[in-house]
Structures are given as structure tokens and as C-alpha cells.
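Following: one structure in C-alpha cells, then a few remarks.
The values are calculated or read from the model by the stated rules, or taken from the named source; none is laboratory data. What you see is a predicted model, and the numbers here were worked out from it, not measured in a lab. A quick note on method: Cβ atoms are made from the backbone with ideal geometry, for glycine too, and the neighbour counts reach across all protein chains shown. Please note that ligands, DNA and RNA were not included when accessible areas were found on the heavy atoms of the full protein model with its side chains. Shrake-Rupley method; radii C 1.70, N 1.55, O 1.52, S 1.80 Å.
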Amino acid sequence: MQITIPGIGSIELKHLVFDYNGTIARDGLVMSNLDKTITDLAGKITVHILTADSGGTVAQEVGGLPCTLHIIASGNEAEQKEAYVQALGADSVVSIGNGANDRLMLKAARLGIAVLEGEGSAVSAILQADIVARSIYDALGLLMVPQRISATLRS
């Protein structure tokens, strides 16, 4: 996925890294109508989901989605998420999250998007993001229509 941002230049995004709970899921369940959009995006970019899976529901919930699921260990979640983004090649990653434990991956990724869903969003995540979206649906809309990203980030 190539995006040209006036005043910044062209960025090539190869990986989309999602936080799970609070970002694409509420109370352990994937939010409605996300599966089609995620599937559509998976045709343009490799999709990854990172979670500690504290509710134990993620494998069942995302089992049919074209994505890589990575379960992180309890403790040091922020550092584990950042390391995952770095291992993918942070300059080619867009990350989406809402929690304090997403702040480092939002900062490390070439494009970090913080979302405000039912759980809210940690101020530390918002401060490390490049864009704040009012919902996961709006965040995914940015990726489906990349000109919106260009309009938001142009300098």
C-alpha cells in the first residue's frame, strides 16, 4: 500500500498490526462488520493481530480472518508489541491501538493510529499516534481510502 503525503513524501506500508481488545474487539468479541473490511484490506497489506488474549476468545473470534495472530505473554506487553513491529520492519508498518500498552508500537510504526472505542483511549497512546480516529471503522476507512491519510498528515 503506497501513500503519498504532501510535504512528507511517499510511504510504503506492507503490514497492518492491530491491538485486539479495545481496538477491534469489545469484551473479547470482534466488533460487528469488521470481518469484511479486514478481509478486503488483507488483499492489499499483511494483517497481524497482537494480544495477550486475557479473555481466551481471540483464536475463535479471528479464526476465519486472513491474518497472523500473535499471542504475547503477560507482562511487558508494550515492549513485546514494539518488538513485533520492529521485527516486521517498522518503516513498513501501520499500527492501530487504543491502550497504554499500544503506545510504543504506535510510536515505532511508520504510521500509528489511535482509536477511541467503548474502552476509550489512553492519553499515552494518543500522544504517540500520528492520527487519532474516533472509531475502528474510521481508522479502517483511512486505509481503504488512503487519500484521507494524505489529507490529514500533509504539512
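All but one of (1) in contact (Cβ under 8 Å) with a residue 40 or more places away in the chain; (2) open to solvent by 10 Å² or more (accessible area, probe 1.4 Å) hold for ILE3; which doesn't? Answer for ILE3: the failing condition is (2). For the range 67-77, residues that are assigned to a loop (DSSP other than H, G, I, E, B) and touching a residue at least 12 places away in the same chain (Cβ under 8 Å) total 4. In the range 44-59, the residue that is surrounded by the most Cβ atoms within 10 Å (Cβ to Cβ) out of those that are assigned to a loop (DSSP other than H, G, I, E, B) and in contact with a strand residue (DSSP E or B) (Cβ under 6 Å, 6 or more places away or on another chain) is ASP53. Screening the candidates ASP138, ASP102 for the property of being surrounded by 21 or more Cβ atoms within 10 Å (Cβ to Cβ) and of a type in the set (Asp, Glu) yields one hit, ASP102. Pairs linking a residue in the range 97-109 that is of a type in the set (D, E, K, R) to a residue that is surrounded by 24 or more Cβ atoms within 10 Å (Cβ to Cβ), with Cβ atoms under 7 Å and 6 or more positions apart or on different chains, are ASP102/ASP19; ASP102/LYS81; ASP102/ALA125; ARG103/ALA125. If the requirement is being of a type in the set (A, V, I, L, M) and either in a loop (DSSP other than H, G, I, E, B) or within 19 Å of ILE72 (Cβ to Cβ) (or both), which of these qualifies: LEU41, LEU16? None of the others qualify; the one that does is LEU16.
Yes/no per residue for (1) in contact with a Pro (Cβ under 9 Å, 6 or more places away or on another chain); (2) modelled with pLDDT under 95; (3) part of a helix (DSSP H, G or I); (4) open to solvent by 20 Å² or more (accessible area, probe 1.4 Å):
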site	(1), (2), (3), (4)
GLU61	no, yes, yes, yes
LEU65	no, yes, no, yes
GLU79	no, no, yes, yes
VAL94	no, no, no, no
ILE113	no, no, no, no
ILE126	no, no, yes, yes
LEU143	no, no, yes, no
ILE149	no, no, yes, no
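Can you confirm whether LYS14 is surrounded by 21 or more Cβ atoms within 10 Å (Cβ to Cβ), among the basic types (Lys, Arg) and touching a residue at least 60 places away in the same chain (Cβ under 8 Å)? Spelling it out, it is not the case that LYS14 is surrounded by 21 or more Cβ atoms within 10 Å (Cβ to Cβ), among the basic types (Lys, Arg) and touching a residue at least 60 places away in the same chain (Cβ under 8 Å). Taking the residues in the range 82-92 that are assigned to a helix (DSSP H, G or I) and under 22 Å from PRO146 (Cα atoms) as candidates, determine which candidate is most open to solvent (accessible area, probe 1.4 Å). Filtering first and then ranking leaves ASP91.
Residue check: THR23 meets all listed conditions (1) open to solvent by less than 10 Å² (accessible area, probe 1.4 Å); (2) outside any loop (DSSP other than H, G, I, E, B) but one, namely (2).
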